[in-house]
Ligand code: PGA
């Protein structure tokens, strides 16, 4: 499988900025085609225009959120069916910004994962510890709890991405040490084996482990390897042409 690069544009790029950045990326497409799997997650207001532009490209479209029902009176929410109509194939769930500012809990995240899988949209599940939990030595407890609750009863026929994103590393310019990210990635793998009672050979095409949190063109090579951490979820560095192409150029050369 090619290394994975997920660009999370958060609420930072409006429609014209999203189109402009995507156009810059499309100019370089031939360099990355067949070598990287690039998933762009813009704001909802940019999804339609970007889906039109990506129709004949090798890049994929992801959403930053979804509601947990297919349809109904849920003012302001976006259904997975609406995402599918726009050819969205991936969706971030459980991002720490939504867990903390929007009070999304594991029960809700679990339901979102289930409805995404039902609609053939691959969830990109974010998990990770806060600074305090880390200082208290609870990193692995937190990861274990989130995996158990978020994946409860989830049986998937499509890949689920699990992004290890330490909350304190997000947007801080201060990523986790690569050895620690690998240690947590191994722990995630072990827990998935336990949860699903299958060996890694059987699970490895179903669960793809990623790292996210202050990834930059300088450090991206420290995180991605062919075996354990298959790619990255990138916020800040994916939102500007120079740093985005910088990351992708390093990733394609690994
Ligand atoms: P960051 O964000 O790369 O800006 O730290 C990562 C994320 O929020 O997914």
Original post:
When residues of the range 239-254 are filtered for being farther than 16 Å from residue 181 by Cβ and outside any helix (DSSP H, G or I), how many remain?
Top reply: 2
Original post:
What are the pairs, 6+ residues apart or on separate chains, where a residue within the range 1-26 that is more than 14 Å from residue 61 (Cα to Cα) has its Cβ under 7 Å from a residue that is part of a loop (DSSP other than H, G, I, E, B) and more than 15 Å from the ligand (Cβ to nearest atom)?
Top reply: 1/230; 2/35; 2/36; 3/36; 3/230; 3/254
Original post:
Taking the range 81-109, which residues are assigned to a helix (DSSP H, G or I) and closer than 17 Å to residue 42 by Cβ?
Top reply: 82, 83, 84, 85, 97, 98
**OP:** Starting from residues that are assigned to a loop (DSSP other than H, G, I, E, B) and more than 10 Å from the ligand (Cβ to nearest atom), keep the ones in the range 158-187 and report whichever is surrounded by the fewest Cβ atoms within 10 Å (Cβ to Cβ).
**Re:** 177
**OP:** Name every residue in the range 188-206 that is outside any loop (DSSP other than H, G, I, E, B) and either within 12 Å of the ligand (Cβ to nearest atom) or under 24 Å from residue 37 (Cα atoms) (or both), in order of residue number.
**Re:** 188, 189, 192, 200, 201, 202, 203
Subject >> Filter result for the condition that a residue is under 17 Å from the mean Cα position of the chain (by Cα), surrounded by fewer than 17 Cβ atoms within 10 Å (Cβ to Cβ) and at pLDDT 95 or above, over 206, 240, 190 >> reply: 206
**OP:** Quick one: residue 52 ticks every box in (1) part of a helix (DSSP H, G or I); (2) under 25 Å from residue 3 (Cβ atoms) except a single one, so which number is it?
**Re:** (2)
Original post:
So is residue 217 within 16 Å of the ligand (Cβ to nearest atom), surrounded by fewer than 19 Cβ atoms within 10 Å (Cβ to Cβ), part of a helix (DSSP H, G or I) and at pLDDT 95 or above or not?
Top reply: no
Subject >> Of all residues in the range 220-239 being within 14 Å of the ligand (Cβ to nearest atom) and free of Cβ contacts under 8 Å to residues at least 40 places away in the same chain, the one that is nearest to residue 19 (Cα to Cα) >> reply: 237
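Within the range 220-238, which residues are over 19 Å from residue 91 (Cβ atoms) and either out of contact with any strand residue (DSSP E or B) (no Cβ under 7 Å at 6 or more places or on another chain) or in a helix (DSSP H, G or I) (or both)? Spell out the reasoning first.
Narrowing the range 220-238 to residues over 19 Å from residue 91 (Cβ atoms): 220-229, 236-237.
220, 221, 222, 223, 225, 226, 227, 236, 237 - these are the residues of the range 220-238 that are over 19 Å from residue 91 (Cβ atoms) and either out of contact with any strand residue (DSSP E or B) (no Cβ under 7 Å at 6 or more places or on another chain) or in a helix (DSSP H, G or I) (or both).
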Original post:
Is there a residue in the range 143-156 that is within 15 Å of the chain's Cα centre (by Cα) and not in a helix (DSSP H, G or I)?
Top reply: no
Original post:
Can you name the number of the only condition in (1) modelled with pLDDT of 95 or more; (2) more than 16 Å from the chain's Cα centre (by Cα); (3) not in a helix (DSSP H, G or I) that residue 61 fails?
Top reply: (2)
Subject >> Single residue of the range 10-52 satisfying the filter (touching a helix residue (DSSP H, G or I) at 6+ places or on another chain (Cβ under 7 Å) and loosely packed, with under 13 Cβ neighbours inside 10 Å) that is farthest from residue 242 (Cα to Cα) >> reply: 45
**OP:** Would you check if residue 129 is more than 23 Å from residue 82 (Cβ to Cβ), away from the ligand (no atom under 12 Å from the Cβ) and out of contact with any helix residue (DSSP H, G or I) (no Cβ under 7 Å at 6 or more places or on another chain)?
**Re:** no
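The values are calculated or read from the model by the stated rules, or taken from the named source; none is laboratory data. These figures come from a predicted structure and were not determined experimentally. Note: ideal-geometry Cβ built from the backbone for every residue, glycine included; neighbour counts use all protein chains shown.
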